[in-house]
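Engineer: Just passing along the structure, written as structure tokens.
The values are calculated or read from the model by the stated rules, or taken from the named source; none is laboratory data. From a predicted model like this one, the values you see are computed outputs, not experimental measurements. Backbone-built Cβ (ideal geometry, glycine too); neighbour counts: all protein chains shown. The protein model used for the area step is the full one, side chains on, heavy atoms only, and it has no ligands, DNA or RNA in it. Shrake-Rupley method; radii C 1.70, N 1.55, O 1.52, S 1.80 Å.
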Amino acid sequence: MPSIEILGLEKTYQVGFWRKRPKQALRPLHLQVEDGEIFGFLGPNGAGKTTTLKLLMGLIFPTSGSARILGREWTDPAVKAQIGFLPEQPYFYDYLTAHELLEYYGQLSGVPGKHRRHRIEQVLHQVGLRDVQGVHLRKFSKGMLQRVGIAQAILHDPKLVFFDEPMSGLDPMGRREVRDLMEQLKREGKTVFFSTHILSDAEALCDRVAIIHKGEVLRAGAVDDLTSSVRGKVEVIWQGAQIPASIKALGAECHVTADKVRAILDEKHQDAVIDALRRERLRLVSVTPVRTSLETYFVEKLRHAETTAGSMAGGV
Amino acid sequence: MKSSIPHIASNTFREAVRDRVLYNLIAFALLLSGAAILVGQISIEIEKLVVINLGLTAVSLFGVVIAIFIGIGLVSKEIEKRTLYTVLSRPVRRWEFIVGKFFGLAGTLTVNTFFMAIGVFAALFYVSHRFVRADALIFVALYFIILEFLIVCSLSLLFSSFSSPLLSAVFAFSLFVIGSFSADLRNFAAMAHGVSRWLATGAAYLVPNFSAFNVITSIAHEQPVAGQLILQNTLYALFYAAMALSGAVLIFEYRDLK
């Protein structure tokens, strides 16, 4: 059973004060997120990521379409007891301490009283917030607030967690900890749906991703499938600073760094390069197929979408 | 599913206390003790009358100001600061949020009124050196003031559910002022003719009838309050607050939280 099935959710706002005009924030969105996977929802700022999450959380209402979460209608209150949500740049009641805030959210989520205290300590430890007893949230840094946000999202041990830009405001150490936490959630059998525009995070974590741009999903699939589509190049590294003429002739793109040469060339020339290195008695260090990074794929996809939209507008 | 109302109400109360709302009690205590000392020196035989009038009017005004200024921000501030996102993404229904906020504010005002009432009785004891049976009538006035707060809280919440804090404050305060003169409005409606009569009658019944809750002067003169008025005011306040809250819920249920 999929954890999330989005069935044509669409959102159009009426903008303008006197003369209202429609502005489509999300085109009919169809998406399926499988149980137990980490799903990345990628897109530039203003692409419709937060709108989608707000729709799924019931914070805004769709113009049309529906969704099913954990097998139930997404508006069913029972669903909300089983999901956790971290909004983008979260802001909390700053007159409370982290413990009081989590106590309040625990009550709202129906965490039984006797487990609550223990659970609060557990999640605060999990997100790396220690020694914050008695400190009001108004004294927390942005990164600490983000950690509190993650803690409140997992406090009630939800089956499905939605994170909107979870790495925002975190230092490299904090980002690493959040990555580890997401992997841990996956190991516990939970489904994680997170939006981000930091593609290295998505590439490192996600089983599948969807790329959204201007309210429309451009592509969805496994990270490997998306990045493998532009394969066909190899990276060859050898010791020394010498670049044989025969390798240059193959059209290799070479970079010399300290005592190594790094060449990128077509996969079909791989054997010829190795032969040339043998002839020249140069020590081969590695031969690696070049995978297009998710970032490259993402940028190309977005450029293509912009070009298509531009040419269509020009045609009209 | 358990109700979230008590948790939301207690958090609202805690917010008011930590935002130092109850500090108004200090201003109230200063005002009342100053007045008691002053009237004790200058007035002859009317000290008690002045203290009851001044004390209860201050209780009412302080409370109304708090009800409006907290009430107008209860929903809009949560939307603006996006604290609502992590509340409504839990098993909390929107109507529970509104009702919880209402009870939280009403609770804050009741506690505030309790402390102010102690101040009123203390000032009264200071000027008259003893309590008499008729002083118990002050409890009726305080009860009416609390009923008045329920209406003001619900109206502030209603305006807060669709309008900006500034406009909500203007609407709520205007309604409080007009409602305080609703007896005059009803008299005017009775005397008017034609369309004006219809309009004035409609307005008179639409605005909250706060003049019916003001028994301060008669209590200061030790005149008893009819049981029927207590019952009428109770039912009226509960009905009016319920209607305004229903309106707030209805608007909030369908509102996009952008």
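Engineer: Going by the conditions given, is A:Ser64 more than 23 Å from the chain's Cα centre (by Cα) and buried (at least 22 other Cβ atoms within 10 Å of the Cβ)? Quick ask: steps written out before the conclusion?
Structural biologist: Values: more than 23 Å from the chain's Cα centre (by Cα): yes; buried (at least 22 other Cβ atoms within 10 Å of the Cβ): no.
So A:Ser64 does not fit the description; no.
Engineer: Also, quick follow-up: Can A:Arg147 be described as open to solvent by 10 Å² or more (accessible area, probe 1.4 Å), among the basic types (Lys, Arg) and closer than 27 Å to B:His7 by Cα?
Structural biologist: Numbers: open to solvent by 10 Å² or more (accessible area, probe 1.4 Å): yes; among the basic types (Lys, Arg): yes; closer than 27 Å to B:His7 by Cα: yes.
In short, yes.
Engineer: Right, something else. For region B:1-45, which residues satisfy the criterion of being of a type in the set (A, V, I, L, M, F, W, C), closer than 30 Å to B:Pro91 by Cβ and modelled with pLDDT of 80 or more?
Structural biologist: B:Ile5, B:Ile8, B:Ala9, B:Phe13, B:Ala16, B:Val17 - these are the residues of region B:1-45 that are of a type in the set (A, V, I, L, M, F, W, C), closer than 30 Å to B:Pro91 by Cβ and modelled with pLDDT of 80 or more.
Engineer: May I pose another question? Does A:Leu7 meet the test of being touching a residue at least 40 places away in the same chain (Cβ under 8 Å) and outside any helix (DSSP H, G or I)?
Structural biologist: yes
Engineer: Of the conditions (1) under 15 Å from the mean Cα position of the chain (by Cα); (2) crowded, with 17+ Cβ neighbours inside 10 Å, B:Val65 satisfies every one except a single condition; which number is it?
Structural biologist: (2)
Engineer: Within the group B:Phe188, B:Phe102, which residue is crowded, with 16+ Cβ neighbours inside 10 Å, touching a helix residue (DSSP H, G or I) at 6+ places or on another chain (Cβ under 7 Å), part of a helix (DSSP H, G or I) and touching a residue at least 40 places away in the same chain (Cβ under 8 Å)?
Structural biologist: Step by step, each of B:Phe188, B:Phe102 is checked, and only B:Phe102 is crowded, with 16+ Cβ neighbours inside 10 Å, touching a helix residue (DSSP H, G or I) at 6+ places or on another chain (Cβ under 7 Å), part of a helix (DSSP H, G or I) and touching a residue at least 40 places away in the same chain (Cβ under 8 Å).
Engineer: May I pose another question? Considering only region A:118-221, give the strands (runs of 3 or more DSSP E) lying wholly within it that have at least 3 residues that are farther than 14 Å from A:Ile38 by Cβ and within 16 Å of the chain's Cα centre (by Cα).
Structural biologist: Working: elements: A:160-164, A:191-196, A:208-213.
So the answer is A:208-213.
Engineer: A follow-up question, please. All but one of (1) touching a Gly at 6+ places or on another chain (Cβ under 9 Å); (2) surrounded by fewer than 20 Cβ atoms within 10 Å (Cβ to Cβ); (3) assigned to a loop (DSSP other than H, G, I, E, B); (4) not hydroxyl-bearing (Ser, Thr, Tyr) hold for A:Phe92; state the number of the condition that does not hold.
Structural biologist: Looking at each condition in turn, A:Phe92 falls short on (2).
Engineer: Only one of (1) at negative phi; (2) within 32 Å of the chain's Cα centre (by Cα) fails for A:Thr257. Which number is that?
Structural biologist: If we test A:Thr257 against (1) at negative phi; (2) within 32 Å of the chain's Cα centre (by Cα), just (2) comes out false.
Engineer: Could you count how many residues in region A:10-35 are surrounded by 13 or more Cβ atoms within 10 Å (Cβ to Cβ), within 14 Å of chain B (Cβ to nearest Cβ) and of a type outside the set (D, E, K, R)?
Structural biologist: 4
Engineer: Okay, moving on. Could you check how many residues of region A:67-82 are among the aliphatic types (A, V, I, L, M), more than 11 Å from chain B (Cβ to nearest Cβ) and either in a loop (DSSP other than H, G, I, E, B) or loosely packed, with under 12 Cβ neighbours inside 10 Å (or both)?
Structural biologist: Selection size over region A:67-82: 1.
Engineer: Go through region B:30-61 and report how many residues are open to solvent by 50 Å² or more (accessible area, probe 1.4 Å) and assigned to a helix (DSSP H, G or I).
Structural biologist: 10
Engineer: Let me ask something else about it. Could you check how many residues of region A:173-204 are within 28 Å of A:Ala25 (Cα to Cα), open to solvent by less than 30 Å² (accessible area, probe 1.4 Å), at pLDDT below 90 and of a type in the set (A, V, I, L, M, F, W, C)?
Structural biologist: Filtering region A:173-204 down to residues within 28 Å of A:Ala25 (Cα to Cα) leaves A:191-203.
Retained after the next criterion (residues that are open to solvent by less than 30 Å² (accessible area, probe 1.4 Å)): A:191-196, A:199, A:201-202.
The next check asks that each one be at pLDDT below 90; those that pass are A:196, A:199, A:201-202.
Filter once more, keeping what is of a type in the set (A, V, I, L, M, F, W, C): A:199, A:202.
Result for region A:173-204: 2.
Engineer: Another one. Would you mind finding the one in B:Thr110, B:Thr86 that is in contact with a Pro (Cβ under 7 Å, 6 or more places away or on another chain) and part of a helix (DSSP H, G or I)? Talk me through it step by step, then tell me what you get.
Structural biologist: Working: B:Thr110 fails: in contact with a Pro (Cβ under 7 Å, 6 or more places away or on another chain).
None of the others qualify; the one that does is B:Thr86.
Engineer: Taking B:Arg255 as meeting all but one of (1) open to solvent by 60 Å² or more (accessible area, probe 1.4 Å); (2) away from every other protein chain (no Cβ under 14 Å), write down the number of the exception.
Structural biologist: (2)
Engineer: Which of (1) surrounded by 21 or more Cβ atoms within 10 Å (Cβ to Cβ); (2) away from chain A (no Cβ under 14 Å) is the odd one out, the single condition B:Leu74 does not satisfy?
Structural biologist: Unmet condition: (2).
Engineer: Still on this model: Scanning for something without any contact (Cβ under 8 Å) to a residue 60 or more places away in the chain, open to solvent by 60 Å² or more (accessible area, probe 1.4 Å) and within 14 Å of another protein chain (Cβ to nearest Cβ), does region A:119-127 turn up at least one residue?
Structural biologist: There is no residue in region A:119-127 that is without any contact (Cβ under 8 Å) to a residue 60 or more places away in the chain, open to solvent by 60 Å² or more (accessible area, probe 1.4 Å) and within 14 Å of another protein chain (Cβ to nearest Cβ).
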